[in-house]
Structure formats: structure tokens, C-alpha cells
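Accompanying notes for the structure given below.
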Amino acid sequence: MEKKIRTIFLSDIHLGTRGCRADMLLEFLREYDAERIYLVGDIFDGWRLKRGWYWPQSHNDVVQKLLRKARKGTEIIYVPGNHDEVMRHYLGTHFGGIEVRNRDIHETADGRKLLVIHGDQFDMVVVNAKWLAHVGDVAYTVALAVNFWFNRVRRLWGGQYWSLSKWAKLRVKQAVSFIGAYESILVAEAAKAGVDGVVCGHIHHAALETMNGIQYVNTGDWVESCTAITEDFDGTLRLVDWSAVTRERAARHLPALPQPSPANSKEQKTAA
């Protein structure tokens with residue numbers, strides 16, 4: 001059964017790349033039904049698609065799932081990032097019920113105001129040396145390819161998906177320092193805008209914390225960590241680690257998506 005919630009925040013899906021975990025995202029979208037969905041940038045990867053077309057059926061299924069939700073009444077707001085920056089030419093436009101905005105202010109059920117922005121505008125590499133960002137993107141693609149084959153071997157031995165690139169990133173001093181600086185800059189931007197918090201993406205590092213009285217929320221990604229932020233009807237924000245959810249279900253020998261039968265339509269509760 002679908003879980004009814006108020007809001008979902010997703011970013012850095014990177015449709016059009018081999019690293020995108022579209023299969024896991026589809027499972028998540030089938031389980032959660034929200035009144036509003038924010039797509040917080042890098043939903044598809046225009047940089048990668050320019051170098052070579054890759055668009056399997058599962059990626060198309062994600063797009064179709066979002067469009068179906070829009071048709072059924074879910075408000076979907078698309079805030080573009082740097083990899084899908086072409087969408088910034090269509091600000092204010094509606095695509096199948098999905099509205100494109102440069103940034104937005106989301107008001108939670110308990111009255112807090114959150115700035116919603118992808119965050120690449122505050123990444124000095126992207127802003128001042130785009131060519132270097134593209135070089136880094138190629139290196140990241142190689143790392144993901146290694147990660148793909150690494151996980152294929154793990155599955156042969158019954159192991160669950162594990163992100164080698166995420167593990168390495170959190171152990172490199174410069175990367176940790178960059179994440180800290182990025183978070184501080186986004187918190188400062190939220191304070192400057194006079195809001196209570198900021199929801200962003202871009203750095204593929206999920207977080208839900210308070211810094212200097214400002215709530216910093218990063219949705220993570222659907223390449224390395226498979227995370228999202230959800231809002232309950234009382235305004236509570238939650239970080240959903242879908243990789244952890246699927247690992248827990250596998251350990252309990254439960255199907256990833258329980259399908260209720262007519263004889264038993266009781267909602268199965270899962271930890272998120």
C-alpha cells in the first residue's frame with residue numbers, strides 16, 4: 001500500500017547515465033504518495049547524454065511514473081541543476097503538469113519556510129571553471145563504472161548494493177572539507193533569504209541537520225546513496241535511505257514492494 005505523505009524532495013537522479021538507480025527509485029515512488037514533489041535538479045544528465053545516448057526502459061518508466069502522479073493531482077515542481085541546466089531556459093513553463101522554477105520557497109505544515117535550490121550556483125568549480133567540472137564528471141563516470149562491476153561481483157555472493165565511490169569520497173580529506181564549506185554557504189544563503197532552512201542537492205551527500213539555527217537539508221542522490229527527504233502532514237522532515245530499507249527487507253526475506261491481496265488489504269508498515 002502507498003504511504004500518504006505531504007511532500008517528497010528528490011534530486012540528482014541522473015537519468016541517462018548507467019549509474020542511475022532507476023529501479024530503486026521506481027520502488028520508492030510506488031510506495032510513497034505525496035501531495036507535492038520537488039525535483040531539486042540533475043534529474044536527467046544532459047552532460048552525459050551529449051557524449052553518448054543512453055536511455056533504457058527503466059529511465060523512461062521513472063519519467064512516466066512522475067507524469068502519472070502529476071495527472072492524478074500531485075503538484076510537481078522542477079528546480080533545475082547544472083547537469084539539466086537546459087531546463088533553465090523554460091522557467092515558468094509547465095510540462096505535463098510539472099512546473100519549472102529557478103528556486104522556490106516551500107512552507108512546511110508547521111509553518112517553516114524552506115528555500116529550495118539545487119545548489120550548483122554556490123559551487124565555485126561549476127561557476128568559475130566549468131571545463132574542470134566536466135573533467136571531474138568524466139572521472140566520476142569512470143568511478144561509477146568500476147562501482148558497477150564491483151557490485152555485480154558482490155551480487156554473485158549474495159551481497160547488497162554498496163557504493164564504492166561514496167565510501168571513498170567520505171574518506172578523502174579534501175572532499176570532506178568541500179562538503180563542509182558547501183553546507184556553510186547554503187546555510188548562509190538561507191539566512192540571507194530570511195527563511196528557516198534550505199533544501200538542496202548537487203553534492204550527492206544526504207543530510208538533515210541544523211546549523212546556526214538554520215535547517216540544512218540535502219536530498220542526496222539516486223546514483224550512490226538512493227536517498228530522499230519526505231515531509232509528514234505535521235511538518236516533520238525525514239531522511240529516507242532507500243538502500244538501507246531494501247537491505248533490511250532483503251535480510252528479513254521480504255519483497256521490496258509488498259502487494260496486498262483482496263483478502264488482506266492491510267497496509268504493511270516499513271521502516272524509513
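Laboratory data are not the source of any read-out in this text; all were calculated from the coordinates shown. Since the structure is predicted, the reported quantities are computational estimates derived from the model, not experimental observations. Here the Cβ positions follow ideal geometry from the backbone for every residue, glycine too, while neighbour counts run over all protein chains shown.
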A chain fully extended from Lys4 to Asp110 at 0.36 nm per residue, minus the present Cα-Cα distance, gains in nm 36.4 nm
Exposure-ranked with fewest Cβ neighbours within 10 Å first, His89, His94 stand as His89, His94
At q = 0.14, 0.17, 0.32 1/Å the base-10 log of I(q)/I(0) from the Debye formula over the alpha-carbon atoms of region 55-109 is -0.43, -0.63, -1.16
On each of the three principal axes the extent of the alpha-carbon atoms of region 19-65, given in whole Å and largest first, is 36, 21, 17
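Per 0.36 nm of contour for each residue apart, how much would the distance between Glu35 and Lys50 grow if the chain were fully extended, relative to their Cα-Cα spacing?
The span from Glu35 to Lys50 would gain 2.0 nm if fully extended.
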Volume per residue (Å³) of the convex hull spanned by the alpha carbons of region 1-107 is 94 Å³
The answer for the net charge of residues other than Thr108 whose Cβ lies under 15 angstrom from its Cβ, with Lys and Arg +1 and Asp and Glu -1, is -4
Rounded to the nearest 0.05, FRET efficiency between His253 and Gln64 (Cβ-Cβ, R0 25 Å) equals 0.25
